[in-house]
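Reviewing the structure listed below.
What follows is calculated from the coordinates using simple rules that are stated; it is not laboratory data. Keep in mind that what you see is a predicted model, and the values were worked out from it rather than measured. All Cβ positions, even for glycine, are placed from backbone atoms using ideal geometry, and neighbour counts span all protein chains on display.
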Amino acid sequence: MPSLLNQTTDQRIVHHGTWEQFKLIQKGFGESRGVRLFYYDETIEILMPGREHEIFSRLIGYLVTTFLAEKGIFFQSTGSMTQEKEGVVSAQAGESYCIESVKVIPDLAIEVVFTSGGMSKLERYKALGVPEVWFWEDGVLKLYHLQNDHYELIDRSQLAGLSNLNLDLLQRCILMAETDTGEAIRAFRREL
């Protein structure tokens, strides 16, 4: 059986269950690196990201971090930390960020979607109150901003500082990284 570190595709298990069952599963996976756990609306999801998922997640995170640092915008990268509202929802984004100040729930969650469930993940983040969620799926970056208790598809970030991020450049460099990550990063930095 291949190890989780060597798998190339995401492995995803979805199970109906209670918050209490989720917390037991979460405890059982406590020492397991590379496993992400989600809960919302009596649905438990276990995700073991594959190689491609992790490559894109880290690259997008690196580019966003580079932009924020280069532009002098205060941020705290919170990675894939667990975000929870007790008894209601638990999620772990691929990457997440607090912008302008440190917060319990980050301002931005970035998800790389290779299996399924992109849109249903928005409900989790809405329950958490995450202001903005970005999805990288099928070579396209889509941004959603929480407004009036629902997410709206937007063409530019509404978050302070990130509203000036050239999304065409970001998407082009993410795609470029499929063949040469170093060149993608250099191209991104040159155009900042």
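What FRET efficiency comes out for the pair D180/L141, r = Cβ-Cβ distance, R0 = 22 Å, nearest 0.05? Kindly include the intermediate steps, with their values, before the conclusion.
Working: r = 19 Å, r/R0 = 0.86.
After rounding to 0.05, the efficiency reads 0.70.
Quickly rank 172-178, 126-132, 80-86, 94-100 as a protection proxy: mean count of other C-beta atoms within 10 Å, highest first.
Values: 172-178: 17.6, 126-132: 19.1, 80-86: 15.3, 94-100: 21.0.
Packing proxy ranking, top to bottom: 94-100, 126-132, 172-178, 80-86.
Just to confirm the number: angle between the C-alpha axis of helix 181-190 and the first principal axis of the chain, 0 to 90 degrees, nearest 10?
Taking Cα atoms only, the helix is inclined about 50 degrees.
What does the charge count around E191 come to, taking other residues whose C-beta lies under 14 Å from its C-beta (Lys +1, Arg +1, Asp -1, Glu -1)? Each step should come with its number before you reach the end.
Numbers: positive: K71, R172, R186, R189, R190; negative: E70, D168, E183.
Neighbour charge sum, excluding E191 itself: +2.
Which percentage, to the nearest 5, of the DSSP beta bridges contained in segment 50-190 is antiparallel?
Numbers: 20 of 26 bridges.
Close to 75 percent.
For the residue pair L169 and E86, what label-to-label distance in nm results when each label sits 7 Å from Cα along the Cα-to-beta-carbon direction?
4.5
So between T43 and E123, what do we pick up on full extension, going 0.36 nm a residue minus the alpha carbon distance?
On the way: separation 80, 0.36 × 80 = 28.80 nm, distance 1.19 nm.
Answer, rounded to one decimal: 27.6 nm.
Find the lysine pairs in the chain meeting two conditions, Cα atoms under 28 Å apart and a separation of 8 or more places or different chains, and report how many there are.
For the chain, qualifying lysine pairs total 19.
Full extension from L192 to F29: what is 0.36 nm times the residue separation minus their Cα-Cα distance, to one decimal in nm?
Numbers: separation 163, 0.36 × 163 = 58.68 nm, distance 4.03 nm.
The L192-F29 span can extend by a further 54.7 nm.
Pick the calculated Rg and Dmax of the Cα atoms in Å for this structure from [x] 17.6, 64; [y] 31.0, 102; [z] 16.5, 50?
The listed entry that was calculated here is [z].
Please list, in order along segment 134-146, the HN-Hα scalar couplings obtained from phi with the Karplus expression 6.51 cos²θ - 1.76 cosθ + 1.60 (θ = phi - 60°), rounded to whole Hz, x for Gly and Pro.
Working through the residues one at a time gives 10, 10, 9, 8, 6, x, 10, 9, 10, 10, 10, 10, 6 Hz.
Return the sequence-ordered ³J(HN,Hα) values of segment 161-168 in whole Hz as given by the Karplus equation 6.51 cos²θ - 1.76 cosθ + 1.60 applied to θ = phi - 60°, using x for Gly and Pro.
These are the phi-based 3J(HN,Hα) values: x, 7, 5, 8, 6, 6, 5, 5 Hz.
Sum -39500 (n - 2.57) across every DSSP H segment of at least 4 residues in the chain, then divide by the residue count to get the 222 nm mean residue ellipticity, nearest 500. Don't skip to the end; give the middle numbers.
Numbers: 5 runs with 61 residues, N = 192.
Calculated at 222 nm, the ellipticity per residue is -10000 deg cm²/dmol.
If R₀ is 45 angstrom, what is the calculated FRET efficiency for the pair H16 and V102, using the beta carbon separation as r and rounding to 0.05? Display every interim value, and only then the final one.
On the way: r = 35 Å, r/R0 = 0.79.
E(calc), rounded to 0.05, equals 0.80.
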